[in-house]
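The values are calculated or read from the model by the stated rules, or taken from the named source; none is laboratory data. Everything numeric here is computed off the predicted structure, so don't read it as measured data. Cβ: placed from backbone, ideal geometry, glycine included. Neighbour counts: every protein chain shown. These area figures cover heavy atoms from the full protein model, side chains too; ligands, DNA and RNA do not enter into them. Shrake-Rupley method; radii C 1.70, N 1.55, O 1.52, S 1.80 Å.
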Amino acid sequence: RRTILNTCVIRVYGIVQGVGFRPFVSRTCLENNIKGSVSNKGSYVEIHAQGENIEALFDALNHHAPERSIILEIINKYVEEPPYDDFSIIESEKDEGEIFVSPDIAICDKCKEELFDKNNRRYLHPFINCTNCGPRLTILDSMPYDRERTSMAEFKMCPECHSEYTSPSSRRYDAQPVCCNDCGPEVYIVNGPEKGSEAITSARKAITEGKIVAVKGIGGFHLACDATNEEAVKRLRTLKTRPMKPFAVMMKDLDTVKKYCVLTPEKEELLTGPQKPIILMENKYADCEDSPLAPSLAPGNPTLGVMLPYAPIQLLLFDYKDEYKMPDVLVMTSANASGAPICRTDEDALNEISSFTDLILSNNRTIRLRCDDSVTDFFENKPYMIRRSRGFAPMPVMLSKKVKGCVLGIGGELKNSFCIAKDSLLYPSAYIGDMEDLRSVDALNASIERMETLLECNPSLIVCDMHPLYHTTEVAESLSLPVIKIQHHYAHILSCMAENNYFDEVIGVSFDGTGYGTDGSIWGGEILKCNPYDFERIASVTPFIQSGGDASSKEGWRIAASILRDNSDNGKELSEKLGLCSSIEYDMLSQMAKSNINSVRSTSAGRIFDAASAILGIRRSSTFEAEASTSLMFEAMRYYKGTSFSKMETNELFYDFNLFKERCLNTNELLVRLAHFYLNGLDKGMLSYSFHDLLSLMISTECVLASESNNIHTVALSGGVFQNTLLLELTKNKLKHLGLDVLHHSLIAPNDQGIALGQAMYGLMQLNRL
């Protein structure tokens, strides 16, 4: 008669694939004389355990799991099974249920140590990885995460790598991308003879000579050059037609970051962690004429976007066995034509960026899904996401509300990402790009198809923006599924609610550039009453005439002149004295508005910031999105840092200022007063701060009125304008002081990249509405 034993069957849910979880379980069980098996089931890891020390396994799962894993739930039950002879990792099996795809993970410290160890067989190997690090999402074909379902399947492991891959004592036990110099991918110069070490040396030589090199990384190509060489940086700006927008930089190591930037403990933890995003940091040399860094890196900007090397090839660019001495800081900016997605293949690079580069360093490991670098600021010592991508996507947002269904939120037109909701898990995609470029539309379609495959999800509903001319609307309507259209700013607030797992009614403050309103006008500075099913517009900034079409979103002087014209007796004189425009330009703008030519009624908060920047002589126009408004913020923050907060609480200049006019935030009058005060010689820094302070006072006062009349005590802050951390801080402080609870973003971007999450949440709520 066959013996039957009591077996503990454990299911572990979360980020438990691609992070060395099965090897960890195997080692733990072998150490504790537990027999059985572990396997990936696609949506979870399943453990069958027999033995007297199973509590040790639970202790390890709860307290000693791999550092890259994220355990969300552990469920166990006991069943009767025949005895196991040993403990083994068995072949993965697909099963229905929740799926957690691991983001790409930066190189770990142990692999970095081996990379530069002359006695290690992976010495200087550009693709070194282990169970705890390496590419994940970007090489994945389908789940479960096993080598045969990745782009590494085409590289057959050598005997040594296979031995490590199958040995429980190895750091590369069950590491799917495992390879070495003998059996892994190879680097090469595109359209050149150089391969391997010669290719890396060629790239390093080019950079030291002031040239520009395209480098294929984990999720796409970067454009790299010497960040200490002003001529090289200026040349890259010229070639990319990018006159002012800051370049991200990669610094060799932590000591280099401390040399050039102000580094807080919280930023250091994220900078050196497994995600290694670009982090905005205070530049120690921002105001120095003899800065060791190229002044053109971030003109007029007190911060630098900084990241550390996260891929082996990036480490080798800084340090290699040749005669070339590399700078300790490189420009490392996304390799793409303006508005297009990051280049993924050699063909992309040749067709789209070869005119920007002197050399292309590539490799033959296929990138299945492009993934740009994540970018984050910090607020209240916590990450405050600007672009959510590598290292974070597609980690899901979890809702506590139990809902069923599969929904695709198609995202916005600018800063696009999409979001697939599968029951209570919402998976925001990596950053795609601006949909004005048809290459981004193609990338969006391809990425949706691949993510649906990975998540084993076939949406029954698509949610898109109301704007009739968005390319994303065209994509949504082309997919032969039911489509729901949702108002842009309502989607912003829902994204904030989803991130905070909040379902009760809120007062939503949605401030951004532009969005299509339910009345057909341009909205952008909105206060809404929202719940997961519907919204009501309560108030907005004061409407103004926005003339000039697309140019008006880049030329703040147009907005400023229009507002001064319509809200003062001497708008033309004020505009000329402020240097906003010439008499001819003013008359042309007025005629356009009078004849309703290329002119719209707008409540865009973003344009209000641009107008304030123009009035105060900071930026008359922008060469990239939000240049004028961020410059205004920098001016205000310089004043803010140099003045005690108590002195700034009372803004005597505006003691008789009416905050509201006809249930609108009186922003037009605020700009008229700014103009008069500035022409009377008041400090632009103080006026910049006053603008932020008064606007936050308007917002908080209106929110209190809305709270009292609607019995709602929570405010949600969202929209691209709230990337302005000074406005966020001032507004949150006032709201908290007035007794209201405040929701805001952290790991979901407040800008248009985040609205896909709100769209997906709305679709789920509609599917599950009682």
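Taking the chain as the reference, fit the longest principal axis to its C-alpha atoms, fit the long axis of helix 21-31 to the helix C-alpha atoms, and give the angle between the two in degrees, 0 to 90, nearest 10.
Approximately 40 degrees, to the nearest 10.
Calculate, in nm to one decimal, what T701 and C183 gain on full extension: separation in residues at 0.36 nm each, minus their alpha carbon distance.
On the way: separation 518, 0.36 × 518 = 186.48 nm, distance 6.51 nm.
Gain on stretching T701 to C183: 180.0 nm.
Name the chymotrypsin sites (Phe, Trp or Tyr not before Pro) in region 509-544 that are in a loop by DSSP and that have at most 14 other C-beta atoms within 10 Å, would you?
Numbers: sites: F511, Y516, W523, Y533, F535, F544; in loops: Y533.
Answer in residue order: Y533.
For the chain, give the share of DSSP beta bridges that are antiparallel, in percent and rounded to the nearest 5; count only bridges with both residues there.
If I count the DSSP bridges inside the chain, around 75 percent turn out antiparallel.
Under 11 Å from a point placed 7 Å out from the Cα of E230 along the Cα-to-Cβ direction: which residues of region 258-289 have their backbone N that close?
Of the residues in region 258-289, 289 have backbone N under 11 Å from the label point off E230.
Given a cut-off of under 8 Å on Cα pairs at least six residues apart, what relative contact order in percent is computed for region 1-59?
Averaging sequence separation for qualifying contacts and normalising by length gives 41 percent for region 1-59.
I need the P(r) histogram for the chain: all alpha carbon pairs, bin width 20 Å from 0 out to the longest distance, whole percents.
Result, from short to long distances: 16, 46, 31, 7, 0, 0 percent.
Over 24 Å between C-alpha atoms is what I'm after, so list which of K485/K732; K110/K382; K216/K245 land there.
Flagged as over cut-off: K485/K732; K110/K382.
Might you tell me the accessible area per residue for region 563-666, computed with a 1.4 Å probe and given in Å²?
52 Å²
Using alpha carbons only, how many degrees (0 to 90, rounded to 10) separate the axis of helix 684-710 from the longest principal axis of the chain?
80 degrees
Report the extension gain between S709 and K382 in nm, rounded to one decimal, defined as 0.36 nm multiplied by the number of residues separating them, less their alpha carbon distance.
My answer for the length gained is 114.4 nm.
Over the chain, with every protein chain in place, what whole percent of the accessible area is carbon and sulfur at 1.4 Å, could you tell me?
For the chain, the apolar C and S fraction of the accessible surface comes to 46 percent.
Run the simple label-point estimate for S400 and T166 please: 7 Å along Cα→C-beta, distance reported in nm.
Modelled inter-label distance: 4.9 nm.
Relative to the longest principal Cα axis of the chain, at what angle does helix 196-208 sit, 0 to 90 degrees, rounded to 10?
Taking Cα atoms only, the helix is inclined about 20 degrees.
Where the convex hull is taken over the Cα atoms of region 513-587, what is its projected area averaged over directions, in nm²?
With the hull built on Cα positions only, its mean projection is 6.1 nm².
Positive end of the dipole of the chain, charges at C-beta (+1 Lys, Arg; -1 Asp, Glu), about the Cα centre: which of N76, M398, T667 has its Cα farthest in that direction?
Value computed over the given set: T667.
Once you order the gyration tensor axes a ≥ b ≥ c over the Cα atoms, which shape class does region 728-768 get: rounded for a/c under 1.5, otherwise prolate or oblate by comparing a/b with b/c?
oblate
Explain nothing, just the number: relative contact order of region 408-507, from Cα pairs under 8 Å at least 6 residues apart, as a whole percent.
23 percent
First measure r as the distance between the Cβ atoms of T3 and N768, then evaluate 1/(1 + (r/R0)^6) with R0 = 60 Å and state the FRET efficiency to the nearest 0.05.
Calculated transfer efficiency: 0.80.
Region 260-365: which GluC sites (Glu not before Pro) are DSSP loop and have at most 13 other beta-carbon atoms within 10 angstrom?
Numbers: sites: E266, E268, E269, E282, E289, E323, E347, E352; in loops: E289, E323.
Sites meeting the loop and neighbour criteria: E289, E323.
Can you pick out the pairs among K118/K205; K195/K325; K118/K234 whose Cα atoms lie more than 26 Å from each other?
Correct reply: K118/K234.
Give the aspartates and glutamates whose C-alpha is closer than 16 Å to that of K402, dropping any in the same chain fewer than 8 places away, or say none.
Cα-Cα hits under 16 Å: E73, E98, D423, E499, D504.
Along region 449-466, what does the Karplus equation 6.51 cos²θ - 1.76 cosθ + 1.60 (θ = phi - 60°) give for ³J(HN,Hα), rounded to whole Hz, x for Gly and Pro?
Going residue by residue, I get 4, 5, 5, 4, 5, 4, 8, 6, 9, 10, x, 9, 8, 10, 10, 9, 6, 6 Hz, with x marking Gly and Pro.
Take the Cα coordinates of region 239-359, assign each an equal point scatterer, and use the Debye formula without solvent to give log10 I(q)/I(0) at q = 0.16 Å⁻¹.
Log-scaled intensity ratios, in q order: -0.90.
Suppose the chain between D117 and E91 were pulled fully straight at 0.36 nm per residue; how much longer would it get relative to their current alpha carbon spacing?
Result: 6.0 nm gained on full extension.
In terms of the Cα gyration tensor, with a ≥ b ≥ c the square roots of its eigenvalues, is region 461-521 rounded because a/c is under 1.5, prolate because a/b exceeds b/c, or oblate?
Oblate.
Counting other Cβ atoms within 10 Å of each Cβ, which trypsin sites (Lys or Arg not before Pro) in region 88-191 have at most 16 and sit in a DSSP loop? Don't skip to the end; give the middle numbers.
Values: sites: K94, K110, K112, K118, R121, R122, R136, R147, R149, K156, R171, R172; in loops: K94, K118, R121, R122, R136, K156, R171, R172.
Filter output for region 88-191: K94, K118, R121, K156.
Over what distance in Å are the Cα centres of region 654-695 and region 209-275 separated?
Their Cα centres are 38 Å away from one another.
Okay, helix-only estimate at 222 nm for the chain: each DSSP H run of n ≥ 4 adds -39500 (n - 2.57), divide by all residues, round to 500 deg cm²/dmol; what do you get?
Result for the chain, helices only: -10000 deg cm²/dmol.
With 18 Å as the cut-off, how large is the P(r) tail for region 135-187, expressed as percent of Cα-Cα pairs?
29 percent
Using a 1.4 angstrom probe, figure out how much accessible area region 179-321 has per residue, in square angstrom, rounded to the nearest whole.
39 Å²
Apply 1/(1 + (r/R0)^6) to the Cβ-Cβ distance of L30 and L653, taking R0 = 51 Å, and write down the FRET efficiency to the nearest 0.05.
The pair L30/L653 has a calculated efficiency of 0.10.
L350 to L738: FRET efficiency via 1/(1 + (r/R0)^6), r the Cβ-Cβ distance, R0 51 Å, to the nearest 0.05?
Numbers: r = 58 Å, r/R0 = 1.13.
For R0 = 51 Å, the calculated efficiency reads 0.30.
Rounded if a/c is under 1.5, else prolate if a/b beats b/c, else oblate: with a ≥ b ≥ c from the C-alpha gyration tensor eigenvalues square-rooted, which is region 318-445?
Judged from the Cα gyration tensor, region 318-445 comes out prolate (a/c at least 1.5, a/b above b/c).
Could you tell me the relative contact order of region 229-338? Use alpha-carbon pairs under 8 Å, at least six residues apart, and round to a whole percent.
Computed value for region 229-338: 39 percent relative contact order.
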